[in-house]
Amino acid sequence: MPVLFSKTGEYALKASIYLAREQSGKYVSLTDISEALNIPYHFLSKVLQQLAKNKIVSSQRGTNGGFRLSKPPSEINLLEIIYAIDGKEVFDDCVLGFPVCNKDNPCPLHSAWEKAKESFLESLRRDALNNVSHQLDLKLKNIKRDFEQISFRDFSSMNQTQEKSILTNN
């Protein structure tokens, strides 16, 4: 199965959803977004610049600077974000990767993919950021919980010498 979003598109969606949670209109620092979502700082900077160029987010430099949505989350749908990053032709490629695939020369999955794609695109058009942003808090809590459980298990099976070695980078 092909990846539906590029890594850049994925990060753009995550950052936009994260910004949709900020109801006060305050700017959120790049560092805060990067750390909360575990996205590389410099990569995220380029993603947010692209979203700013497409008027999905606005930016402000300085001490209280950062990024915020350019309009209310209810007015930004998920498809706008993907198109801003990956372009409108992102979903036009053949699902099986054939160089030529169309109604006149279809691949074995062409018809099924066309139907699924239209349904998926309609869902992305229909889903505004405000509809999905409330789910992010729960997801971030679950990720943090899972990470803490994994870390605890990893350390609980070590002896004290091994722990010291890891903690002191020896």
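If we scan segment 91-99, do we find a residue that is in contact with a Cys (Cβ under 6 Å, 6 or more places away or on another chain), open to solvent by 80 Å² or more (accessible area, probe 1.4 Å) and on the phi < 0 side of the Ramachandran plot?
yes
Any residue in segment 14-29 that's under 16 Å from LYS139 (Cβ atoms): show its pairings with residues that are basic (Lys, Arg) at Cβ separation under 7 Å, as long as the two are six or more apart or on different chains.
LEU19/ARG68
So ILE33 passes all but one of these: (1) in a loop (DSSP other than H, G, I, E, B); (2) of a type in the set (A, V, I, L, M, F, W, C); (3) touching a residue at least 12 places away in the same chain (Cβ under 8 Å). Which condition number does it fail?
Of the numbered conditions (1) in a loop (DSSP other than H, G, I, E, B); (2) of a type in the set (A, V, I, L, M, F, W, C); (3) touching a residue at least 12 places away in the same chain (Cβ under 8 Å), the odd one out for ILE33 is (1).
At pLDDT below 90 and farther than 30 Å from GLU80 by Cβ, is that true of ASP137? Spell out how you get there, then give the answer.
Working: at pLDDT below 90: yes; farther than 30 Å from GLU80 by Cβ: no.
Judged against the criteria, ASP137 is not a match.
Just checking, does segment 49-68 include any residue being at pLDDT below 95, more than 19 Å from LYS7 (Cα to Cα), out of contact with any Cys (no Cβ under 7 Å at 6 or more places or on another chain) and in a helix (DSSP H, G or I)?
Within segment 49-68 (the criterion being at pLDDT below 95, more than 19 Å from LYS7 (Cα to Cα), out of contact with any Cys (no Cβ under 7 Å at 6 or more places or on another chain) and in a helix (DSSP H, G or I)), the answer is no, since none of the residues qualifies.
Which of the residues that make up segment 42-55 are open to solvent by less than 100 Å² (accessible area, probe 1.4 Å) and within 14 Å of the chain's Cα centre (by Cα)?
Passing the criteria: PHE43, LEU44, SER45, VAL47, LEU48, GLN50, LEU51.
For segment 100-143, enumerate the residues that are open to solvent by 70 Å² or more (accessible area, probe 1.4 Å), under 20 Å from PHE5 (Cα atoms) and not in a helix (DSSP H, G or I).
Of everything in segment 100-143, just one residue is open to solvent by 70 Å² or more (accessible area, probe 1.4 Å), under 20 Å from PHE5 (Cα atoms) and not in a helix (DSSP H, G or I), namely LEU109.
Can you go through SER74, SER70 and tell me which one is without any contact (Cβ under 8 Å) to a residue 40 or more places away in the chain and under 19 Å from ASN131 (Cβ atoms)?
SER70
Which of the numbered conditions does LYS88 fail, given that it passes all the others? Conditions: (1) open to solvent by less than 80 Å² (accessible area, probe 1.4 Å); (2) more than 23 Å from ARG21 (Cα to Cα); (3) of a type in the set (Lys, Arg).
Just one mismatch for LYS88, condition (1).
Starting from segment 118-131, take each residue that is on the phi < 0 side of the Ramachandran plot and list its partners that are of a type in the set (Ser, Thr, Tyr), counting only C-beta distances under 7 angstrom and pairs at least six apart or across chains.
Pairs found: ALA128/SER74; LEU129/SER16; ASN130/SER74.
The values are calculated or read from the model by the stated rules, or taken from the named source; none is laboratory data. Because the structure is a prediction, the values reported are computed rather than measured. Positions of Cβ are generated from backbone atoms using ideal geometry, with glycine treated the same way; all protein chains shown enter the neighbour counts. Ligands, DNA and RNA are stripped out before the accessible areas are found, and what is left, the full protein with its side chains, is counted by its heavy atoms. Shrake-Rupley method; radii C 1.70, N 1.55, O 1.52, S 1.80 Å.
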